[in-house]
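Encoded as structure tokens, the structure appears first; notes follow it.
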Amino acid sequence: RYATLGFLAALVVALPASVLMAGVRSSRGFVHEEALSERTRQVFLRRWRRFDVAFWVGSSATAALLFFYILVFVANLHAEDESKFVVVLCTVVVKHFVVVPLAQAASVALASEAAQWTHADVS
């Protein structure tokens, strides 16, 4: 039951983000600026601006809804569960914003050093 609820919650969170990112990725592309007339350039800029506005509005609405959901969740916690929630929240925040970036940076540095050590003739 909990696995199903977790999967559905992840789907609800990931769906708007994936739709927004797919729209942004498909709307942009490499354009030869010299080959465009002024009118075509303005059309491209207007289209990109619309996608930018849609992205920011959609992202802001999604963030606001998720923030509201977290506030409602926190407001309905029992007093005995508050400390557990704070510990889990701090653990997740430290993992995502400190431990994972440091591990990634260390692995890239180690891989770079290993490549340089094994191929000393290439600088």
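The values are calculated or read from the model by the stated rules, or taken from the named source; none is laboratory data. Predicted model only: the values in this text are computed from it and were never measured. Here the Cβ is made from the backbone with ideal geometry for all residues, glycine too, and neighbour counts use every protein chain on show. Note: areas computed on protein heavy atoms with side chains; ligands, DNA, RNA excluded. Shrake-Rupley method; radii C 1.70, N 1.55, O 1.52, S 1.80 Å.
A few comments on the model shown:
- Verdict on A111 being aliphatic (A, V, I, L, M) and surrounded by 10 or more Cβ atoms within 10 Å (Cβ to Cβ): yes
- Evaluation of R46 against (1) open to solvent by less than 90 Å² (accessible area, probe 1.4 Å); (2) assigned to a helix (DSSP H, G or I) (one fails), failing number: (1)
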